[in-house]
Amino acid sequence: MPSSEIRILSVGTALPGEPVDTAMLAKAFRMDALWQQWVDTFIETRTRHLATDLGTGEQYCSLADLATSAAERALAASGTSVDDIDLVVMGTAMPDMLMPATVNVVADRLGVNNVPTYQLQSGCSGAVQAIELAHDLLSTGRYRTALVIGGEVTAKHFDLKRDLRALPPGQLVNLVLFGDGAGAAVLSRDADSGAAAIRRVFTRLTGLGRESGQSLEWYGAADRGGERNPASENYKMIEDSVPGMAVEILEELLDDLGWKRADIDYLLPPQLSGRMTPRIVERLAVPGAEEVSVVDVTGNTGNSLPFLQLEKAFAEMAPGERGLCVAVESSKWIKAGLVFERI
């Protein structure tokens, strides 16, 4: 019989190297004190972890490396064997390569075989999208245990030889806003175990006719030297749009469950930047909930962020307490939300 309750057994995360502060970035990018002040004022992200050596410009860690480490930690925490994994789902905006899919490289390293694997390419909602897909597949009763992964390696796009001082803010912000990392969770329809039960999860594209808030190019050998900007962001549009979208997600989740704001004990808000997150939390107006945020010390690590937040929340939650996670994908505007309850 299909199970109506899917549980998160465990979460594991991985971050590369030591924290990199803004002064270290400024030295690598040959920026002045005024630039550091701009980062501190408008981004308010104190540190981030990068998979690229800022001294040499060499990438020393791939997304597959980080995702494998996170998955191994999640499996170990749940006591789950790779032989128990019935499907693997990964969400990322920046896979290591077009083919083979990073999810399959990770599965191979773990020793997972003869199971369905899915890789969803999406921005900051991709982790919740991956959880929703795994949740729905487990709910059919065909599968019992799923491994869900999310993460990004953005530092591979750094060009330390380029004079960055002339970059417009829409491109410059990408160098300081983001960090690298990965996370993983083990989901199961086994009703006798689990850290938390999923009470509601949804994702929805809402970008019809809307201008993109962020873009990321993928260059081939023929156009790598072209004039197109590798990454750009309309930060003002994101700043204006995300808080309202976050409120809409929160209210839809609560309405679906018949809950009130007072029923939420832990709030996992969108993690855009150290500056934006407090503004979003204020708009969400869940005063009785404990905020679970990490972006000010990890940077915006995209699809690893919900796993970093879940890991932190699970370490504190008592049985019966409830958490609500909100994520917004701004490249084409996807709403995503997850509600869970500690068992």
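The values are calculated or read from the model by the stated rules, or taken from the named source; none is laboratory data. Owing to the predicted nature of the structure, the values given are computational and were not obtained by experimental measurement. Backbone-built Cβ (ideal geometry, glycine too); neighbour counts: all protein chains shown.
One line per residue, one yes/no per condition, for (1) under 20 Å from A313 (Cα atoms); (2) over 18 Å from the mean Cα position of the chain (by Cα); (3) not β-branched (V, I, T):
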{"residue": "G12", "(1), (2), (3)": "yes, no, yes"}
{"residue": "L25", "(1), (2), (3)": "no, yes, yes"}
{"residue": "A28", "(1), (2), (3)": "no, yes, yes"}
{"residue": "A33", "(1), (2), (3)": "no, yes, yes"}
{"residue": "E58", "(1), (2), (3)": "no, yes, yes"}
{"residue": "T68", "(1), (2), (3)": "no, no, no"}
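Only residues in the range 318-332 that are aliphatic (A, V, I, L, M) count as the first member; pair them with residues that are surrounded by fewer than 24 Cβ atoms within 10 Å (Cβ to Cβ) and part of a loop (DSSP other than H, G, I, E, B), Cβ under 7 angstrom, at least 6 apart or cross-chain, and list the lot.
Cβ pairs passing all conditions: L324/I264.
Can you tell me which residue among A51, A14, A64 is crowded, with 22+ Cβ neighbours inside 10 Å and in contact with a Cys (Cβ under 7 Å, 6 or more places away or on another chain)?
From the options A51, A14, A64, the qualifying one is A51.
For residues in the range 290-343 being hydroxyl-bearing (S, T, Y) and in a helix (DSSP H, G or I), which is farthest from A71 (Cα to Cα)?
Narrowing the range 290-343 to residues hydroxyl-bearing (S, T, Y): 293, 298, 301, 304, 330-331.
Then keep just the ones that are in a helix (DSSP H, G or I); that gives 298, 304.
Numbers: T298: 19, S304: 12 Å.
Among residues in the range 290-343 that are hydroxyl-bearing (S, T, Y) and in a helix (DSSP H, G or I), the one farthest from A71 (Cα to Cα) is T298.
Take the residues in the range 122-162 that are among the charged types (D, E, K, R) and touching a strand residue (DSSP E or B) at 6+ places or on another chain (Cβ under 8 Å), then tell me which one is modelled with the lowest pLDDT.
Of the residues in the range 122-162, the ones among the charged types (D, E, K, R) are 132, 136, 142, 144, 152, 156, 159, 161-162.
Now narrow it down to the ones that are touching a strand residue (DSSP E or B) at 6+ places or on another chain (Cβ under 8 Å): 132, 144, 152, 156.
Details: E132: 98, R144: 96, E152: 96, K156: 77.
Among those residues, the one meeting the criterion is K156.
Of all residues in the range 274-308, how many are surrounded by fewer than 24 Cβ atoms within 10 Å (Cβ to Cβ), closer than 18 Å to F178 by Cβ and either in the same structural domain as N174 (by TED's automatic domain parsing) or among the small types (G, A, S) (or both)?
Number of matching residues: 2.
Restricting to the range 111-132, name every residue that is outside any loop (DSSP other than H, G, I, E, B) and not small (G, A, S). Please lay out each step first, then the result.
Kept after step one, since they are outside any loop (DSSP other than H, G, I, E, B), are these residues of the range 111-132: 117-121, 126-132.
Residues satisfying the conditions are T117, Y118, Q119, L120, Q121, V128, Q129, I131, E132.
Within the range 231-269, how many residues are part of a helix (DSSP H, G or I) and closer than 30 Å to V173 by Cα? Let's see the steps before the verdict.
Narrowing the range 231-269 to residues part of a helix (DSSP H, G or I): 235-257, 261-263.
Cutting the leftovers down to closer than 30 Å to V173 by Cα gives us 235-250.
Matching residues across the range 231-269 total 16.
Which one is nearest to G274 (Cα to Cα) among residues in the range 36-60 that are modelled with pLDDT of 85 or more and among the hydrophobic types (A, V, I, L, M, F, W, C)?
Of everything passing the filter in the range 36-60, L50 is nearest to G274 (Cα to Cα).
Restricting the search to the range 270-289, which residues are in a helix (DSSP H, G or I) and among the aliphatic types (A, V, I, L, M)?
Step one: filter the range 270-289 for residues in a helix (DSSP H, G or I), giving 276-284.
Those that are in a helix (DSSP H, G or I) and among the aliphatic types (A, V, I, L, M): M276, I280, V281, L284.
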